[in-house]
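Let me begin by presenting the structure, written as structure tokens, before commenting on it.
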Amino acid sequence: MLRTPFVVLVGLLGAYGLSKDLPNLEAVLALYDDEPNATASGAELYRKCAICHSLSPGEHRIGPSLHCVVGRRIAAEPGFRYSSGMRSAQIDSAFGIYEPQHWTRETLTAYMLDPQVTFGNTRMPFPGLMASVADEDLFDVTDTLIAYLEDRCDDQVHELVALETTETGEGPGEGLACMTIAREQSLPACQAMAEGLRGGNGEAGDDLPTLACIRPGKLACGPGGSGE
């Protein structure tokens, strides 16, 4: 089912006609075919994205690099010229209109389902998963794809953070107090340190806060402060 007018595709191809990374018309039109399988792996699902997006840092194609996109600020990747719709992104939800600042699992899910509805005037030609995936499979597909994007970022610096909930639920951490304990060069290294602090049993003891490994900037620490 074609949700984006064909003329948008033609305009997109013309606008990027001088780009050496421009995919051919057949590849772009393939975005509208080949219904994703709900049991497909993240790598298989990403093949559609790979027509226009790279997973290498700083390597932009028609779309910006998706390297470590989960947790990244929206429309802020250096070296890529974003559309006006992306720069002024607003999501119209059941709870009202809001302006998201980062690519969280929630904002990525909304965008993947229907890019044109989520962020109007985006140049991305992909019609969205709602155009080709059965309703009952939609969130299985988005969860798998987002998990794949997160996994491909494992080799980046991660912070080991201690988390505690606050009573008021107010402040910059939205009810979450946190403190950065250490910085490690990869997710596995961070998880190993967390495991060591838990005593090797995989669970936090009564005297330990919840431990999490996150990429720098992904979580705004609340009243608990932050430190090395």
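No value in this document is a laboratory result; all are computed from the given coordinates. Model, not experiment: these values are computed from the prediction. Reconstructed Cβ throughout: ideal geometry from the backbone, glycine too, with neighbour counts over all protein chains shown.
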- [ ] Would you please state which residues of the range 137-156 a label at Q185 would reach in this model, taking the label point 7 Å out along Cα→Cβ and a backbone N cut-off of under 13 Å?
- [x] 155-156
- [ ] Compute the FRET efficiency between A43 and A192 as 1/(1 + (r/R0)^6), taking r as their Cβ-Cβ distance and R0 = 22 Å, and round to the nearest 0.05.
- [x] 0.30
Task: Estimated inter-spin distance, E136 and I97, nm [label 7 Å along Cα→Cβ] - done: 3.7 nm
